[in-house]
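Note sheet for the following structure.
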Amino acid sequence: MQYLISVIHDQAGLATPEEDAAIDVFNERLQAEGNWVFAGGLASPDTATIIDNRGEEALVTDGPFIESKEYLAGFWIIEAPDLDVALALATEGSKACNRKIEVRPFQ
Amino acid sequence: MNVADLEQAIIRVHHEEWARVVASLTRRFGDLDVAEEAAAEAFATAVERWPAEGVPPNPGAWLTTTANRKAIDRIRRENKRDDKHKEAQMVYDDDPPEPLGAVDDDRLRLIFTCCHPALAMQARLALTLRMVGGLTVPEIARAFLVTESAMGQRITRAKAKIKAARIPYRVPSAEDLPARVTGVLAVLFLVFNEGYLATGPDTDPVRHDLTAEAIRLTRLIRGLLPDDGEVAGLLALMLLTEARRTARVSGSGELVPLAEQDRGAWDATLIAEGHRLVRERLAAAAAGVAPGRYQILATINAVYTSARDMRDTDWSQVLALYDQLVRLDPSPIIALNRAIAVAELDGPEVGLAAVDRLEHRLAAYHAYHATRADLLRRLGRSQQSRAAYDKAIELAGNTAETAYLTRRRDQLR
């Protein structure tokens, strides 16, 4: 079973060197224990571009699809046997990256 | 067996066997939906057949077998035995965690799944009453004053999340167990309190169906986790509160405060059982096991129910217990109850000063204003007392409480 762990950014400033270091330690653990699938940090929402190609012509718009004080700053995709394991890992992940986290199962 | 006896027998079997049937089917089929529906169908079949055929010698086994057949029929019908269904099955451990020391019982897994912290509190309540308690959706909807369709949706959504997010069907590890048991007890205490102080203009002031159900489920958990002190504490607290149920509301539907209750009307059997549990926990505390909040609350209620009257109550003991409780639980509601003990011990003026310090945190809580109103009345400050009663009446949701507060206010000179 795979879960998406979204990192919700709701404070000023990017990750500090300490946070980066803690994230590295956490990532290594995920890999060592077989929970790792993929992870990545995202550039700021200002860098986003929206495309809507449902109509005749593709519309390209600058900016994130939703203006919000809280935004997705990064994510992990983990492999876990059940939600309890996923939540336990996410709890550590939240501590490591010092951010609020959302856990959501893949279909 | 006559009709009335048979009806009683079916109700008893439903109480005793529902959770067991749902739990064993959930384990076998890995699906709460299938288990719930098949269990309900099996009980419906029993109601149909038992009047003619008689109650089988082992009703639990009969129901489980019947429910198993119903579940297999449904799965065949829906052709759900493909790989996708297997994949969607709930995960469970075959081995119970070792240090638990309790019987391995599927019902325990069921309770922990229904009370999982990833579910909203309202969903946990509804799911526990449906899956473990065996209440019907209309019954639960009535209990929480929502429409049947809203309650049905709430339960369906919770079941869907359990399945999609893979909330496991498992007794938590020893490390997580205390926190998860606390979560289960919180659900049961909420059910009890909703029954004990029912809210809403059209509900009975005391919903005996809910208090009885909460006690029944807590007894079940006590049987499954006999060594857990907080389970014993919560059960004792419920019993000692329930014992006063009939004395707590007058014939005219008015709340009767502790001081004015007819102590002869208290249920001596429930009190004796509650006191026995409290003594058991006090012995454990003497042996060095620190009591949790339910055990302390139960002990406070044991002090109340040991006294011949209000004046005979050992208020210094009550205050000492509240001091202990405040250290565990800094909630302002505990502080308010502590202040009431202070007022009994040191007089209403000292009590009022302690109550007033809680204003910024409890201004929207009816009991804060009701307590102030009572203390101000005892101090002869009628005008301020009246204003506090007004505020309490405005905020109170329980009909018996509103009636009592209104009479008290109108008696002020």
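Any idea which residue in segment B:145-159 is farthest from the other protein chains (Cβ to nearest Cβ), counting only those that are in a helix (DSSP H, G or I) and in contact (Cβ under 8 Å) with a residue 24 or more places away in the chain?
The selected residue is B:M151.
Among the small types (G, A, S) and in a helix (DSSP H, G or I) - does that describe any residue in segment B:321-334?
no
Search segment A:35-60 for residues that are touching a residue at least 24 places away in the same chain (Cβ under 8 Å) and pair each with any residue that is surrounded by 13 or more Cβ atoms within 10 Å (Cβ to Cβ) and hydroxyl-bearing (S, T, Y) when their beta-carbon atoms are under 6 Å apart and the residues are at least 6 apart or on different chains.
These pairs meet every condition: A:P45/A:Y71.
Every residue, every condition in (1) closer than 26 Å to B:A126 by Cβ; (2) touching a helix residue (DSSP H, G or I) at 6+ places or on another chain (Cβ under 6 Å); (3) away from chain A (no Cβ under 14 Å), yes or no:
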site: B:A179; (1), (2), (3): yes, no, no
site: B:P205; (1), (2), (3): yes, yes, yes
site: B:I215; (1), (2), (3): yes, yes, yes
site: B:R219; (1), (2), (3): yes, no, yes
site: B:D227; (1), (2), (3): no, no, yes
site: B:A247; (1), (2), (3): no, yes, yes
site: B:L255; (1), (2), (3): no, yes, yes
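Out of B:V184, B:V171, report the one residue that is in a helix (DSSP H, G or I) and among the β-branched types (V, I, T).
B:V184
Can you find, within segment A:51-97, the residue that is nearest to A:D20 (Cα to Cα) among those that are among the charged types (D, E, K, R) and not in a loop (DSSP other than H, G, I, E, B)?
In this case the residue turns out to be A:K95.
Give me a count of the residues in segment A:36-83 that are within 14 Å of chain B (Cβ to nearest Cβ) and not charged (D, E, K, R).
4
Check off (1) away from every other protein chain (no Cβ under 14 Å); (2) surrounded by 18 or more Cβ atoms within 10 Å (Cβ to Cβ); (3) in contact (Cβ under 8 Å) with a residue 40 or more places away in the chain for B:I162 and give me the number that stays unchecked.
Against the list (1) away from every other protein chain (no Cβ under 14 Å); (2) surrounded by 18 or more Cβ atoms within 10 Å (Cβ to Cβ); (3) in contact (Cβ under 8 Å) with a residue 40 or more places away in the chain, B:I162 comes up short only on (1).
Given the conditions (1) in a loop (DSSP other than H, G, I, E, B); (2) hydrophobic (A, V, I, L, M, F, W, C); (3) in contact with an Asp or Glu (Cβ under 8 Å, 6 or more places away or on another chain), and given that B:A370 satisfies all but one, which numbered condition is not satisfied?
That leaves (1) as the condition not met.
Here's a check for you: in segment B:184-235, which residue that is aromatic (F, W, Y) and within 24 Å of B:R20 (Cβ to Cβ) is surrounded by the fewest Cβ atoms within 10 Å (Cβ to Cβ)?
B:F189
Which of the residues that make up segment B:287-320 are farther than 17 Å from B:G351 by Cα, of a type in the set (G, A, S) and assigned to a helix (DSSP H, G or I)?
Across segment B:287-320, the qualifying residues are B:A298, B:A302, B:S306.
Quick one: B:R170 ticks every box in (1) under 17 Å from B:A400 (Cβ atoms); (2) in contact with a helix residue (DSSP H, G or I) (Cβ under 9 Å, 6 or more places away or on another chain) except a single one, so which number is it?
(1)
For (1) at pLDDT below 95; (2) surrounded by fewer than 20 Cβ atoms within 10 Å (Cβ to Cβ), each residue gets a yes or a no:
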{"site": "B:A364", "(1), (2)": "yes, yes"}
{"site": "B:Y368", "(1), (2)": "no, no"}
{"site": "B:T371", "(1), (2)": "no, no"}
{"site": "B:R377", "(1), (2)": "no, no"}
{"site": "B:Q383", "(1), (2)": "no, yes"}
{"site": "B:D390", "(1), (2)": "no, yes"}
{"site": "B:L395", "(1), (2)": "yes, yes"}
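Please indicate, with yes or no, whether at least one residue in segment B:119-131 is within 14 Å of another protein chain (Cβ to nearest Cβ) and under 19 Å from B:I221 (Cβ atoms).
yes
Given the structure, is B:I140 β-branched (V, I, T) and within 14 Å of chain A (Cβ to nearest Cβ)?
No.
Look at A:I23 and say whether it is surrounded by 15 or more Cβ atoms within 10 Å (Cβ to Cβ) and within 14 Å of another protein chain (Cβ to nearest Cβ).
no
May I ask you to list the residues in segment A:26-49 that are surrounded by 12 or more Cβ atoms within 10 Å (Cβ to Cβ) and among the aliphatic types (A, V, I, L, M)?
A:L30, A:V37, A:A39, A:L42, A:A48
Of the residues B:A284, B:A341, which single one is aliphatic (A, V, I, L, M), assigned to a helix (DSSP H, G or I) and farther than 28 Å from B:A392 by Cα?
B:A284 is the lone residue from the list that is aliphatic (A, V, I, L, M), assigned to a helix (DSSP H, G or I) and farther than 28 Å from B:A392 by Cα.
Does A:G13 fit the bill of being loosely packed, with under 11 Cβ neighbours inside 10 Å, part of a strand (DSSP E or B), free of Cβ contacts under 8 Å to residues at least 60 places away in the same chain and under 17 Å from the mean Cα position of the chain (by Cα)?
Here the answer is no, as A:G13 does not meet what is asked.
Taking the options B:V91, B:V22, B:V103, name whichever one is touching a Gly at 6+ places or on another chain (Cβ under 9 Å), closer than 27 Å to A:A80 by Cα and either at pLDDT below 90 or of a type in the set (F, W, Y) (or both).
Residue meeting the stated conditions: B:V91.
The values are calculated or read from the model by the stated rules, or taken from the named source; none is laboratory data. On a predicted model such as this, the values are computed, not experimentally measured, just so you know. With ideal geometry, Cβ positions are generated from the backbone for all residues, glycine too; neighbour counts draw on all protein chains shown.
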